[in-house]
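J.: Below is the structure I would like to discuss, written out as structure tokens.
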Amino acid sequence: MQSQTIFRPILKNTFVKAHFILTAVLLYILTCYYLYEPNIYGTILINLSLLPFMLALPFGNKKLSILYFFLMYVGISRYSLSNDPLQFPDSQMYFEELITHGNYYDLITFFWNELCTGFQIDTQNNLVFALLYYPMFYFLHNNDPAFITTYNALLYIITGYLTYRLLKKHSVFTDKIINIILLGLFGSASLQYWSSFFLKDITSLFLIVLALNLFMNKKFIWFLFVMFFAYSLRVYSPVIILCHILLLKGYIRFSLLGAIFALVVEVYNVGLKGVINSLLNVGNMFSSPSPFNIENWKFQGYRTFESLIFLIILLLVIVVFLLNKESRSFYLTAFSVIYIYSAVVTIAGFQNLEYLGLDYVIGNFGDDMTRKKISIIIIIYIVFAYTFIQLSDKKVINYNKM
């Protein structure tokens, strides 16, 4: 009989495993409630209490689970010590929305009234983010902005597990490839960096991966429910989800048609400059922050190193594509969906610059693309892992048989 929910595989084996998870969650909640100190060191201590929860999730290999956790934990702790969680204007906007409401009931009532009177795209981001984060903020009585790193770390772990379930059940990728993808995700300097800010990016990624799992498991009612929140946080979330589905299902024809359609829409809305920028942005998804900028190595060394690795992989993709005919269907599908996403964010960037009254020029994407690549970082690491395996193993993964 098929699982009834996404998380049932965690609980279905034995009562002991269920008890272990509930105990881990209770330990985490009690630690947050009683031991938290209102400073960044308190947050780092709380994050460590997530280890039992991580071990309770059936990743398949406990040693790898421990490695995944500490890669994430050390990275988030490092950035938490050096970053101000309210550094960005968006961060301040989200936090102000959070502290405006006296309790969760007031927030839900306000949200419902807004929904009934006409939800505005330009104001829904901060309201929906506040709605999702408020339970931790209110029930744990914690109004420290730095506490967001604990919330992000929790979603980071769940997102990693949902990614594991998604790839294990709905892809042809081997365990070795899946392990490399997870190693990349939990060790990603980009994910760790943005986890240290009071921003929506980790929450948005979590909702996208959750919606993907629900869709692939044919839980369409729950999918639509989660999709509402994903869309409210980031209006082009449906496109991001579609890109992942096209890649995981190996729909090369639909991917190519989607890329052509995105090109036509982009030409119509932005023009030739938009097409050039979207093509540049495909490379930018892999190479931002730029490893060719010395300042990036001084101030963002870990993220810049990650970009350098991605850039090397991007060059190796060309080698594998030319030498290995059976890999071409995968790469055509992968880079078609990356282009679709790039075209969407390029159009959004153009609209942003137009709204601000600024000129749209080649090389100006209209937004921070180092943040935007978080939404497709799983796809980027799939390309990374696939290329690495194709170079190191003689056996080719037959993507055509999906």
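The values are calculated or read from the model by the stated rules, or taken from the named source; none is laboratory data. This structure is a prediction, so every number in the text was calculated from the model and none was measured. Don't worry about glycine lacking a Cβ; one is built from the backbone with ideal geometry, like all the others, and counts go over all protein chains shown. The accessibility values were calculated without ligands, DNA or RNA, using every heavy atom of the protein model including side chains. Shrake-Rupley method; radii C 1.70, N 1.55, O 1.52, S 1.80 Å.
J.: So what does L45 come to for accessible area, using a 1.4 Å probe and Å² rounded to 10?
T.: 90
J.: Once Rh is set to the Kirkwood radius over Cα pairs, what Stokes-Einstein translational diffusion coefficient, in µm²/s, holds for segment 231-381 at a temperature of 37 °C and a viscosity of 0.692 mPa s? Could you put the intermediate results ahead of the total?
T.: Values: Rh = 16.1 Å.
This corresponds to a translational diffusion coefficient of 204 µm²/s.
J.: Could you list the trypsin sites (Lys or Arg not before Pro) in segment 198-234 that lie in coil according to DSSP, counting only those with at most 16 other Cβ atoms within 10 Å of their Cβ?
T.: Numbers: sites: K200, K218, K219, R234; in loops: K200, K218, K219, R234.
Those satisfying the criteria are K218.
J.: What's the carbon and sulfur percent of segment 56-191's accessible surface, probe 1.4 angstrom, rounded to a whole number?
T.: Details: 3430 of 5650 Å².
Heavy-atom surface of segment 56-191 belonging to carbon and sulfur, 1.4 Å probe: 61 percent.
J.: With a 1.4 Å probe and all protein chains in place, put C116, C243 in order of accessible area, largest first.
T.: C116, C243
J.: Taking all protein chains as present, what is the carbon and sulfur share of the accessible area of segment 251-402, in % to the nearest whole number, probe 1.4 Å?
T.: C and S atoms contribute 67 percent here.
J.: Over what distance in Å are the Cα centres of segment 168-199 and segment 266-301 separated?
T.: 22
J.: Here's a follow-up. Just need the relative contact order of segment 52-129 here, percent rounded to a whole number, with Cα pairs under 8 Å and 6+ apart.
T.: RCO, segment 52-129: 23 percent.
J.: Kindly write out, for segment 111-117 in residue order, the coupling ³J(HN,Hα) from the Karplus curve 6.51 cos²θ - 1.76 cosθ + 1.60 (θ = phi - 60°), rounded to whole Hz, with x marking Gly and Pro.
T.: 4, 5, 5, 4, 5, 6, 9
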